[in-house]
Amino acid sequence: MSDYIVEEVSWNLHRETLLSIRGKVFIEEQNVPEEIERDDKDDTATHFLLTHNTVALACGRMLPDGKVGRLAVLKEHRGKGLGRLLLNYIINHARLQGMNRLYLHAQAHAANFYLDAGFFHFGEPFEEAGIPHVAMDLEIDYSGAKEFITHVGYPQPFATLALALAQTARRDLRIYSAVLDPDVFDSAELNSAITTLARRSRHSNIRLLINDARPVVENGHRLLTLSRRLSTIMKIRVLDVDEHPDLPDATYVVRDDNGVVYKPDERGSNGFYEPDSRASAKRFVEQFDKLWHWGEVNPRLQLLRL
């Protein structure tokens, strides 16, 4: 399959090619009305084209909300695995864009094709353009991710990517989060990964910087409990936002000196995950270490001994 190329293409530049493939498959073969096939979503969709020696053979698109559609392979080129090649590319593209979920409306006869790719049924069967369809979706797996990922959503897949860093840390782990958001940081898996890191060596160094100790103490938190047990290796400091009003409006985790997952703000715009870049991690390490010196040990975080 090395001679086949799948790539993201511009709708404006490849409109005629994409519409030609879709027209032959959906309008001519399947009798889908042109006014249904030619909808108003192409301008905002991400489009994909599969070619062989520059000849276009298949196409597909993905909408901003993760809906995959208009997957079409020219009739004379079916049975070669091109549909699978195209779909796998779209799934991987979505993964590198930090998307959590893909969904689609599959023609009923093609449901097994999507099942084999990891999609699952949801909802009841229905008709679309006079053709039986089933709704299917795929939760994208980020566990153990080793590639650069953009537009990382929050709390997921940020939480899974943060866990991946913790699980692969050799010595140092830095966590900066305003309140140690429980949706991201209060999990049994992360607690276990940090415990393993702490027990690996007496030189392990796990540091957490937060802006507000109150919710962590009042609501309870696995990492607070763990820090009290591992007080010589795992430490939490609090930054006073009144004294330091220019604190980063961000959440990030840095592993050793070469891995980082970053979110510009806890629930707003998207961030990135870079698991193998000293240059990218360096600026976060430097920022964190500077902030660490400003941080204070809050008595509310300490284990009271009677």
So H105, is it at pLDDT 95 or above, assigned to a strand (DSSP E or B) and not aliphatic (A, V, I, L, M):
yes
Could you check how many residues of segment 1-35 are within 20 Å of P64 (Cβ to Cβ) and either modelled with pLDDT under 95 or in a loop (DSSP other than H, G, I, E, B) (or both)?
1
In segment 20-31, anything surrounded by fewer than 18 Cβ atoms within 10 Å (Cβ to Cβ) and either aliphatic (A, V, I, L, M) or under 22 Å from I91 (Cβ atoms) (or both) is listed as I27
For L138, are the conditions met, namely being outside the structural domain of N270 (by TED's automatic domain parsing), surrounded by 14 or more Cβ atoms within 10 Å (Cβ to Cβ) and not in a helix (DSSP H, G or I)?
yes
Long-range neighbours under 6 Å by Cβ, at least six apart or interchain, first residue assigned by TED's automatic domain parsing to the domain that holds L173 within segment 194-223, second acidic (D, E)
N205/D172; H221/D186; R222/D186
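For segment 1-19, give me the residue count where each residue is of a type in the set (S, T, Y) and surrounded by 14 or more Cβ atoms within 10 Å (Cβ to Cβ). Please lay out each step first, then the result.
Filtering segment 1-19 for residues of a type in the set (S, T, Y) gives 2, 4, 10, 17.
Filter once more, keeping what is surrounded by 14 or more Cβ atoms within 10 Å (Cβ to Cβ): 4, 17.
The number of residues fulfilling the criteria is 2.
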Going by what's in this entry, would A162 be described as outside any loop (DSSP other than H, G, I, E, B) and in the same structural domain as I206 (by TED's automatic domain parsing)?
yes
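Of all residues in segment 172-182, count the ones that are in contact with a helix residue (DSSP H, G or I) (Cβ under 8 Å, 6 or more places away or on another chain) and either in a loop (DSSP other than H, G, I, E, B) or not assigned by TED's automatic domain parsing to the domain that holds S192 (or both). Break it down into steps so the answer makes sense when it comes.
If we filter segment 172-182 for residues that are in contact with a helix residue (DSSP H, G or I) (Cβ under 8 Å, 6 or more places away or on another chain), which is where we start, we get 173-177, 179-180, 182.
Filter again for either in a loop (DSSP other than H, G, I, E, B) or not assigned by TED's automatic domain parsing to the domain that holds S192 (or both), leaving 177, 179-180.
Selection size over segment 172-182: 3.
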Segment 74-97, residues that are touching a residue at least 24 places away in the same chain (Cβ under 8 Å) and either touching a helix residue (DSSP H, G or I) at 6+ places or on another chain (Cβ under 9 Å) or of a type in the set (S, T, N, Q) (or both)
L74, K75, G83, R84, L87, N88, Q97
Can you confirm whether A166 is touching a Phe, Trp or Tyr at 6+ places or on another chain (Cβ under 9 Å), of a type in the set (G, A, S) and buried (at least 19 other Cβ atoms within 10 Å of the Cβ)?
no
Can you tell me which residues in segment 222-259 are touching a Pro at 6+ places or on another chain (Cβ under 7 Å) and part of a strand (DSSP E or B)?
G259
For segment 36-46, what are the residues that are surrounded by 13 or more Cβ atoms within 10 Å (Cβ to Cβ) and assigned to a helix (DSSP H, G or I)?
E37
Scan segment 114-122 and give yes if some residue there is of a type outside the set (D, E, K, R), in contact with a Lys or Arg (Cβ under 9 Å, 6 or more places away or on another chain) and either in a loop (DSSP other than H, G, I, E, B) or touching a residue at least 60 places away in the same chain (Cβ under 8 Å) (or both), otherwise no.
yes
Single condition L71 does not satisfy, out of (1) in contact with a strand residue (DSSP E or B) (Cβ under 7 Å, 6 or more places away or on another chain); (2) in contact (Cβ under 8 Å) with a residue 40 or more places away in the chain; (3) under 23 Å from F119 (Cβ atoms)
(2)
Here are some residues: V260, V216, V254, V297. Which one is among the β-branched types (V, I, T), at pLDDT below 95 and in contact with a helix residue (DSSP H, G or I) (Cβ under 7 Å, 6 or more places away or on another chain)?
V216
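The values are calculated or read from the model by the stated rules, or taken from the named source; none is laboratory data. Predicted model only: the values in this text are computed from it and were never measured. Note: ideal-geometry Cβ built from the backbone for every residue, glycine included; neighbour counts use all protein chains shown.
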